[in-house]
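Below is one structure, written out as structure tokens; comments come after it.
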Amino acid sequence: MDGKRIDGKAIAKRIEEEVASDVARLRAAGTEPRLVSLALDEEDPSFASYLRAREAACRRVAIRSDVETVPSASGERGFLEALDRLGADASVHAILLKLPLPAGFSEERIFSRIEPEKDVEGHHPLNAGLLALGRPRFAPCTALAVLEILAAEGIALAGKHAVILGRSRVVGAPLAALLLRKGTDATVTVCHSRTGDLARFARQADLLVAAVGRPEFVPGDWVRPGAVVVDVGTHSVPDPSSAKGWRLAGDVRFDEAEAACSRITPVPGGVGPVTTAVLLRATARAAGGAR
Ligand SMILES: NC(=O)c1ccc[n+]([C@@H]2O[C@H](COP(=O)([O-])OP(=O)(O)OC[C@H]3O[C@@H](n4cnc5c(N)ncnc54)[C@H](OP(=O)(O)O)[C@@H]3O)[C@@H](O)[C@H]2O)c1
């Protein structure tokens, strides 16, 4: 069964090696690529652990990574001012926001204030528009990571039916645009919470991407025999059999889906590490050095 599992860590390692050589070139030319994450100064253990993993990845490729925290009391205005400062600071090449944004913050106002040349997640309307036109500059790293995985595994999509469960701005919708592009040429169906019969669509998929944000939501009998399954979901679920009392799970019931599919990304070790590697590459590109 192991032969079906896609090794996201190995794919990420290959991308990191490329990025490390790009960064070395940039540094030799006097540029220190720098990524800054912007967040409110609130306690968030899961963000802290995500940050630690990302900081470690940045260190491996010699990208400078900082976190700028905005006092919660300064509200959306403080956040926008911080974005303006980072946009104007020539030592910052890439800006990342902690999502979801705090309740009451306007996504439209905030996304529109990110300097487009530093918008490595592709949130700014200009970057989102370029993606919609099929000419992506920066695009959400998780969506790009799915494409990266399929390419690394030699999975061609021309003429295939891709079914995406989820239409969010950060995963489902940009992934649909990427899969539809000329050159990738999938036929794409996007499902969401108002889709009537999810199982009917899922069972038609040559490529089934789960990005619903619900732990172990997709049962094995939604997977067409031989389909490729990409599981974007990341959740910690209670697990009394584990020493920690919890384990990571995706949006897919892994064991059931693995039995039916031809290839599948596990959680952890699938989309997550590739997403981080793609972010590093986008940062190097923003600093002027990516291939
Ligand atoms: N591995 C990574 O690097 C990475 C990165 C980002 C996110 N994630 C994970 O990916 C998952 C999705 O993230 P997201 O930000 O896209 O989540 P999101 O913003 O909550 O969007 C979820 C999408 O799923 C749809 N949905 C929710 N419940 C549904 C149901 N019962 N039936 C059909 N559709 C349903 C929603 O439909 P509506 O639009 O109709 O509400 C929405 O389009 C989460 O588990 C998140 O943790 C992983």
- Message: Under 5 Å between amide hydrogens, which residues at least 5 positions from ALA205 or on another chain qualify, with H placed 1.01 Å from N in the peptide plane?
- Response: ARG224
- Which angle between 0 and 90 degrees, to the nearest 10, do you get for helix 45-61 versus the longest principal axis of the chain when only C-alpha atoms count? 80 degrees
- Farthest positive-ward along the stretch 73-213 dipole, Cα basis, beta-carbon charges - from GLY75, ALA158, LEU175: ALA158
- Message: Given the C-alpha atoms of the chain, compute the convex hull and give its volume per residue in Å³.
- Response: 137 Å³
- Task: Would you kindly state how much longer the chain becomes between ARG59 and ASP41 on full extension, computed as 0.36 nm times their sequence separation minus their alpha carbon distance, in nm to one decimal?
- Result: 4.2 nm
- Item | For VAL190, distant residues with modelled amide H under 5 Å away | ILE164
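Please report, as a whole percent, how much of the solvent-accessible surface of the chain comes from carbon and sulfur atoms (probe radius 1.4 Å).
52 percent
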- Message: Can you list residues from other chains, or at least 5 along the same chain, whose modelled amide H is less than 5 Å from the amide H of LEU40?
- Response: VAL70
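State which entries of LYS13/LYS98; LYS4/LYS98; LYS13/LYS182; LYS13/LYS118 exceed 26 angstrom in Cα-Cα distance in the structure shown.
Values: LYS13/LYS98 24 Å; LYS4/LYS98 33 Å; LYS13/LYS182 28 Å; LYS13/LYS118 24 Å.
Check vs 26 Å cut-off fails for LYS4/LYS98; LYS13/LYS182.
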- Message: Taking the solvent-accessible surface of protein heavy atoms with a 1.4 Å probe, what is the per residue accessible area of the stretch 141-274 in Å²?
- Response: 44 Å²
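The values are calculated or read from the model by the stated rules, or taken from the named source; none is laboratory data. Keep in mind that this is a model prediction, so the values were computed, not measured. Note that we place each Cβ from the backbone using ideal geometry, even for glycine, and neighbour counts take in every protein chain shown. Accessible surface is based on the protein model in full, side chains and every heavy atom, while ligands, DNA and RNA are left aside. Shrake-Rupley method; radii C 1.70, N 1.55, O 1.52, S 1.80 Å.
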